[in-house]
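Participant: Take a look at the following structure, please.
The values are calculated or read from the model by the stated rules, or taken from the named source; none is laboratory data. Being a predicted model, the structure only gives us computed values, none of them experimental. As a convention, Cβ positions derive from the backbone with ideal geometry for all residues, glycine included, and neighbour counts pool all protein chains shown. For accessibility, only protein heavy atoms count, side chains too; no ligands or nucleic acids. Shrake-Rupley method; radii C 1.70, N 1.55, O 1.52, S 1.80 Å.
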Amino acid sequence: MAAAEDGASTAPESGLKATGVKQALISLSDKTDLANLGNGLQRLGFSIISTGGTASSLEAAGVSVTKVEEITHFPEMLDGRVKTLHPSIHGGILARRDQEHHLKALNELGIGTFDVVVVNLYPFYDKVTSGAISFEDGIENIDIGGPTLIRAAAKNHKDVLVVVDHKDYPALLEYLEGKQDHRDFRRTLAWKAFQHVASYDSAVSEWLWKQSNKGDTFPPSLTVPLTLKSTLRYGENPHQKAAFYGDKSLSLVNAGGIATAVQHHGKEMSYNNYLDADAAWNCVSEFDSATCVVVKHTNPCGVASRQDILEAYRLAVKADPVSAFGGIVAFNTTIDEDLAREIREFRSPTDGETRMFYEIVVAPGYTAKGLEVLKGKSKTLRILEAKRSGKGTPSLRQVSGGWLAQESDDLTPEDVAFTKVSERAPGDGELSDAKFAWLCVKHVKSNAIVIAKNKCMLGMGSGQPNRLESLRIAFKKAGEAARGAALASDAFFPFAWKDAVEEACRSGVAVIAEPGGSIRDQDAVECCDKYGVALVFTGVRHFRH
């Protein structure tokens with residue numbers, strides 16, 4: 001049957017192909033390139049059947065059109081809710097041309113077959129994401145006839161070419177002219193049709209769930225509409241194939257983030273680039289004051305906030321210049337010419353000579369001159385412009401055979417009580433340092449420790465199986481600067497004496513911020529009291545796996 005599927009459908013020898021006239025049904029909300037399509041089909045000898053506004057647009061373009069009601073002998077009704085839902089339409093779409101009894105039934109009822117169905121749907125997604133919309137208006141923008149036509153034609157794709165995207169009009173016409181002979185063309189159009197309807201239905205489903213279940217975050221079933229944005233060179237490693245998809249869920253409209261970033265310059269993004277850029281951007285978006293974040297392998301290795309963003313940049317790199325080399329640099333302020341020049345020319349603090357190299361720079365905006373200067377740093381430097389990551393967006397993560405869903409961790413220091421549990425209370429500056437460290441540590445992989453002072457990360461330890469090792473790594477990076485600084489831990493300390501808390505105290509930190517909740521919390525309090533260190537409990541854990 002492959003030959004019959006490759007080209008236009010052929011009827012049985014009996015000649016029972018209904019009317020024998022090539023017919024195309026066109027019903028569109030988005031009428032992009034409609035005139036070209038209509039004239040092309042007419043030139044190829046197709047009789048065109050159409051509805052309402054589509055028919056008017058075709059006639060205005062000089063295309064002869066038969067209106068649907070002339071075929072159904074039934075007027076549109078219920079304010080347009082019923083137009084094409086009729087056996088004269090769906091019989092002509094669903095009839096199998098290789099089944100004699102199907103064609104005989106059509107002939108007996110005077111129904112003609114359709115060879116081409118071109119349909120797109122009411123702009124439901126655009127309507128419900130455009131701003132305030134009433135529930136009733138939303139309901140009226142749910143297309144019924146369109147998906148039914150698409151599904152019918154896609155099911156019978158062996159005999160009916162179904163098109164839902166105006167970008168496919170040229171390929172359709174080429175195929176019909178006989179210049180296109182790809183055996184999977186029909187199947188590809190059918191796949192695209194079903195995918196189009198599935199994505200449409202997912203938006204309707206998500207919207208209705210939110211309208212009727214406002215207090216319930218997680219629905220009993222979930223469909224996530226993903227759209228391929230790019231095929232990547234490889235995944236985490238060269239032997240792994242990979243791709244990048246954009247999420248068209250209603251909950252992510254205007255949510256910002258790396259997925260919607262604009263790339264102004266540099267090599268194409270890689271799988272790891274996306275992960276690292278996302279980590280950097282999510283972290284820097286947490287801060288209200290001018291901030292620079294440097295990330296390596298999804299962990300922030302340098303963070304600094306200053307009124308002078310150039311100083312913030314230098315301090316963020318200085319926190320761990322070895323890790324910063326080849327990393328991602330993110331800013332929450334516009335990059336102007338001065339900052340761009342500093343990024344381009346800055347030398348590594350390790351030797352004062354090596355110009356710093358970065359994979360990516362990401363910011364919310366660039367001045368024209370700033371972008372020009374930054375492009376001069378390297379042909380490969382990826383320069384991204386992103387909207388600030390929104391709050392309240394759900395998180396999905398795959399595990400073998402399923403997905404984990406959770407709310408985003410949006411808590412800020414202003415949402416949390418830093419409760420003094422030690423004898424000594426932290427001073428205002430110390431408490432400010434503790435809050436800064438706490439905001440940084442939520443973006444570091446567990447077990448996580450951050451040491452900070454004067455709104456600058458001095459050292460961090462990440463990803464160690466035990467908290468003590470993470471603490472030692474953080475102090476090694478911070479060095480003598482750790483004296484008088486704040487230390488934040490993403491989770492409680494299970495032990496204090498001769499362990500992490502005592503080591504931190506003996507290393508000279510002024511204040512420790514941790515969630516509390518250990519059965520040995522009192523040991524931590526007594527240890528801090530012995531060394532005169534302020535201890536505050538936040539009651540909030542920040543595990544990050």
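Participant: Name the residues in region 366-381 that are farther than 11 Å from Ile343 by Cα and either surrounded by fewer than 17 Cβ atoms within 10 Å (Cβ to Cβ) or aliphatic (A, V, I, L, M) (or both), would you?
Facilitator: Thr367, Ala368, Lys369, Leu371, Glu372, Lys379, Thr380, Leu381
Participant: For region 336-357, which residues satisfy the criterion of being surrounded by 13 or more Cβ atoms within 10 Å (Cβ to Cβ) and assigned to a strand (DSSP E or B)?
Facilitator: Answer for region 336-357, where residues must be surrounded by 13 or more Cβ atoms within 10 Å (Cβ to Cβ) and assigned to a strand (DSSP E or B): just Arg347.
Participant: Something else about it: Quick one: in region 264-279, which of the residues that are assigned to a helix (DSSP H, G or I) and surrounded by 20 or more Cβ atoms within 10 Å (Cβ to Cβ) is nearest to the chain's Cα centre (by Cα)?
Facilitator: Top of the filtered list is Asp278.
Participant: Kindly provide the set of residues from region 95-122 that are in contact (Cβ under 8 Å) with a residue 40 or more places away in the chain, farther than 24 Å from Lys167 by Cα and either acidic (Asp, Glu) or in a helix (DSSP H, G or I) (or both), ordered by number.
Facilitator: Asp98, Glu100, Leu103, Lys104, Leu106, Asn107, listed by residue number.
Participant: Among the residues of region 324-333, are any touching a residue at least 60 places away in the same chain (Cβ under 8 Å), of a type in the set (A, V, I, L, M, F, W, C) and touching a Cys at 6+ places or on another chain (Cβ under 7 Å)?
Facilitator: No, the conditions are met nowhere in region 324-333.
Participant: Got a number for residues in region 128-150 being open to solvent by 40 Å² or more (accessible area, probe 1.4 Å) and touching a strand residue (DSSP E or B) at 6+ places or on another chain (Cβ under 9 Å)?
Facilitator: The number of residues fulfilling the criteria is 1.
Participant: If you take the residues in region 280-291 that are polar (S, T, N, Q) and outside any helix (DSSP H, G or I), which one is farthest from Gln307 (Cα to Cα)? I'd like the intermediate steps shown before the answer.
Facilitator: Pass one, region 280-291, residues polar (S, T, N, Q): 282, 285, 289, 291.
If we keep only those that are outside any helix (DSSP H, G or I) as well, we get 285, 289, 291.
Working: Ser285: 16, Ser289: 7, Thr291: 9 Å.
Checked region 280-291; the qualifying residue farthest from Gln307 (Cα to Cα) is Ser285.
Participant: From the residues in region 535-545 that are part of a strand (DSSP E or B) and within 20 Å of Glu414 (Cβ to Cβ), which one is farthest from the chain's Cα centre (by Cα)?
Facilitator: Val536
Participant: Looking at Val501, Val525, can you tell me which residue is crowded, with 24+ Cβ neighbours inside 10 Å, in a helix (DSSP H, G or I), over 36 Å from the mean Cα position of the chain (by Cα) and at pLDDT 90 or above?
Facilitator: Exactly one residue qualifies, and that residue is Val501.
Participant: Follow-up question, since we're still on this one. Filter region 292-322 down to the residues that are more than 22 Å from Ala386 (Cβ to Cβ), part of a helix (DSSP H, G or I) and not aliphatic (A, V, I, L, M), then identify the one that is least open to solvent (accessible area, probe 1.4 Å).
Facilitator: Out of the qualifying residues, it is Pro321.
Participant: Can you find a residue in region 391-412 that is over 30 Å from Asp521 (Cα atoms), out of contact with any Leu (no Cβ under 9 Å at 6 or more places or on another chain) and of a type in the set (D, E, K, R)?
Facilitator: The answer is yes, given that some residue of region 391-412 is over 30 Å from Asp521 (Cα atoms), out of contact with any Leu (no Cβ under 9 Å at 6 or more places or on another chain) and of a type in the set (D, E, K, R).
Participant: Consider region 248-271. How many of its residues are farther than 23 Å from Gly365 by Cα and free of Cβ contacts under 8 Å to residues at least 40 places away in the same chain?
Facilitator: Looking only at that region, the number is 1.
Participant: When the residues of region 162-201 are filtered to those that are among the acidic types (Asp, Glu) and free of Cβ contacts under 8 Å to residues at least 24 places away in the same chain, which remaining residue is surrounded by the most Cβ atoms within 10 Å (Cβ to Cβ)?
Facilitator: Start the filter on region 162-201 by keeping residues that are among the acidic types (Asp, Glu), which leaves 165, 168, 174, 177, 181, 184, 201.
Within this subset, residues satisfying the condition of being free of Cβ contacts under 8 Å to residues at least 24 places away in the same chain are 174, 184.
Details: Glu174: 14, Asp184: 11.
My answer is Glu174.
Participant: Checking the structure you have, find out if any residue of region 123-132 is under 18 Å from Ile150 (Cα atoms) and not in a helix (DSSP H, G or I).
Facilitator: Yes, there is a match, as at least one residue in region 123-132 is under 18 Å from Ile150 (Cα atoms) and not in a helix (DSSP H, G or I).
Participant: Would you tally the residues in region 235-263 being part of a strand (DSSP E or B), out of contact with any helix residue (DSSP H, G or I) (no Cβ under 6 Å at 6 or more places or on another chain) and among the small types (Gly, Ala, Ser)?
Facilitator: 1
Participant: Residues in region 376-391: is at least one in contact with a Pro (Cβ under 8 Å, 6 or more places away or on another chain), more than 30 Å from Ile335 (Cα to Cα) and not in a loop (DSSP other than H, G, I, E, B)?
Facilitator: Initial filter on region 376-391 (in contact with a Pro (Cβ under 8 Å, 6 or more places away or on another chain)): 385-388.
When the remaining residues are screened for being more than 30 Å from Ile335 (Cα to Cα), the result is none.
Within region 376-391, none of the residues are in contact with a Pro (Cβ under 8 Å, 6 or more places away or on another chain), more than 30 Å from Ile335 (Cα to Cα) and not in a loop (DSSP other than H, G, I, E, B).
Participant: If you don't mind, there's one more thing I want to ask. I want to confirm something. Restricting to region 512-522 and keeping residues that are open to solvent by less than 10 Å² (accessible area, probe 1.4 Å) and either aliphatic (A, V, I, L, M) or over 16 Å from Ala500 (Cβ atoms) (or both), which single residue is nearest to the chain's Cα centre (by Cα)?
Facilitator: Ala513
Participant: So Phe475 passes all but one of these: (1) farther than 30 Å from Thr223 by Cβ; (2) open to solvent by less than 50 Å² (accessible area, probe 1.4 Å); (3) in a loop (DSSP other than H, G, I, E, B). Which condition number does it fail?
Facilitator: The failed condition is (3).
Participant: If you take the residues of region 392-402 that are open to solvent by 40 Å² or more (accessible area, probe 1.4 Å) and either in a loop (DSSP other than H, G, I, E, B) or out of contact with any strand residue (DSSP E or B) (no Cβ under 7 Å at 6 or more places or on another chain) (or both), which of them is nearest to Pro220 (Cα to Cα)?
Facilitator: This residue is Pro394.
Participant: Yes or no: Leu41 modelled with pLDDT of 90 or more and assigned to a helix (DSSP H, G or I)?
Facilitator: It is true that Leu41 is modelled with pLDDT of 90 or more and assigned to a helix (DSSP H, G or I).
Participant: Let me ask another. Among the listed residues Ala405, Ala425, Ala417, which satisfies the condition of being touching a strand residue (DSSP E or B) at 6+ places or on another chain (Cβ under 9 Å), open to solvent by 50 Å² or more (accessible area, probe 1.4 Å), of a type in the set (A, V, I, L, M) and within 30 Å of Ser221 (Cα to Cα)?
Facilitator: Matching residue, one of Ala405, Ala425, Ala417: Ala405.
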